[in-house]
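For reference, the structure discussed in these notes is given below.
The values are calculated or read from the model by the stated rules, or taken from the named source; none is laboratory data. From a predicted model like this one, the values you see are computed outputs, not experimental measurements. Here the Cβ is made from the backbone with ideal geometry for all residues, glycine too, and neighbour counts use every protein chain on show. The area values use the complete protein model at the heavy-atom level, side chains included, leaving out ligands, DNA and RNA. Shrake-Rupley method; radii C 1.70, N 1.55, O 1.52, S 1.80 Å.
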Amino acid sequence: MNWDSRDGFYYDLLRRPDGTAEHIRVRSLTGIIPLLAVQSFSSSDLDVDRNLDMDNQISLYLQVHGIDDYSLSIAHLGCYSSGRYLFAMVSPYRLRRVCRWLFDESEFLSPYGVRSLSKFHESNPFSMNVAGTTAFLQYSPADSPVAMFGGNSNWRGPVWMPINYLYPTFSGNSFNLGYIANDLEARLISLFQADSGKKPPFVKSNSYLDNYNDFENLYNFHEYFNGDDGTGVGASHQTGWTAVVRRMLLHRWGFSGD
C-alpha cells in the first residue's frame, strides 16, 4: 500500500522494470486495511512519565528499542476519559481523509455495512494496460460476473462481515470513532432484522425462505452480502465469521461475555 496525498487514500503501487511507478487508482478494501492496525492500552498498562507528553514517551521508547523513524511507525490518536490510549499505524490526518471515502454512501458505505469496492466504480469502471494486457474492474454488489479464482471473484462490491467487524457517514458532520463503530454495527445487525413484510434483508427472493416467517429460529449466516440490498450471497452457513454478528447483539444488549 502506498499513500496518495492527492486523493487521500492508500493505493497499490505498480513498479515497472524501467524504474517508473504508477498508483493503481482503485478504491477497494485493500486501501482501507492500514486502518485496521490499531491498539489501545489503559494507563495502568503503560509506565507513564507525567513529565513527558505521550508522543515524546513513544518516541523515546522506540529509540530505546532500535526503531528509528517514529513518524512513519506509530501515531498516537489520543487519550480518552476512560484512561485508555489509542495508537495506530495511520495518523489522525490520514484517518480522516480515508474515512471521507469509507463513510460516504456513494462510495463504500451501504445500508448494510462497508462495501468491498467503492460504488463509484459502478459508473466509473477502472481499466489499466500492463504489458499489452488490459485489466478491467467494475463494481458488482453480489457475485462477480468475472470467472476467476476458482470460478468467482466476489470482492468487487459485496459486504463481508469479518472485515466490517474489524473497523473502528460522510454527511458533512464529524463523529468520534465510537459513534462510527456503533453506526456500522447497527447496519450489520440490520441484515438479520425483519422489515414490515417480515423478511430480513438477507432473504433471497424466490428462495426456500421467501415464504418463511419464523426467522427467530432460522437464520442463514451467508458468506457475504449484496452491497446494495443486503441479500445473502455465497455459502449460506458461514458460521466461521458471519456468526460474529452474535457478539454485536450481545454488545447491544449490554453483555460482554462470549
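Considering the range 115-134 alone, what residues qualify as being in a strand (DSSP E or B) and open to solvent by less than 60 Å² (accessible area, probe 1.4 Å)?
Within the range 115-134, the subset in a strand (DSSP E or B) is 115, 117, 126-130, 133-134.
If the condition is that a residue be in a strand (DSSP E or B) and open to solvent by less than 60 Å² (accessible area, probe 1.4 Å), then ARG115, LEU117, PHE126, MET128 are the ones that fit.
With the requirement that a residue be modelled with pLDDT under 85, open to solvent by 40 Å² or more (accessible area, probe 1.4 Å) and in a loop (DSSP other than H, G, I, E, B), what does the range 208-224 give you?
TYR208, ASN211, TYR212, ASN213, ASP214, LEU218, TYR219
Are any residues in the range 145-200 assigned to a loop (DSSP other than H, G, I, E, B), at pLDDT 70 or above, closer than 22 Å to GLY240 by Cβ and open to solvent by less than 80 Å² (accessible area, probe 1.4 Å), and if so, which ones?
Selection gives ASN154, ARG156, GLY157, PRO158, TRP160, TYR167, PRO200.
From (1) at pLDDT 85 or above; (2) part of a loop (DSSP other than H, G, I, E, B), pick out the condition that doesn't hold for SER82.
(1)
Listed here are the residues, each with its yes/no results for (1) at pLDDT below 90; (2) open to solvent by 50 Å² or more (accessible area, probe 1.4 Å).
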{"site": "HIS23", "(1), (2)": "no, no"}
{"site": "LEU35", "(1), (2)": "yes, no"}
{"site": "VAL38", "(1), (2)": "yes, yes"}
{"site": "SER42", "(1), (2)": "yes, no"}
{"site": "VAL48", "(1), (2)": "yes, no"}
{"site": "HIS76", "(1), (2)": "yes, no"}
{"site": "MET89", "(1), (2)": "yes, yes"}
{"site": "GLY113", "(1), (2)": "no, no"}
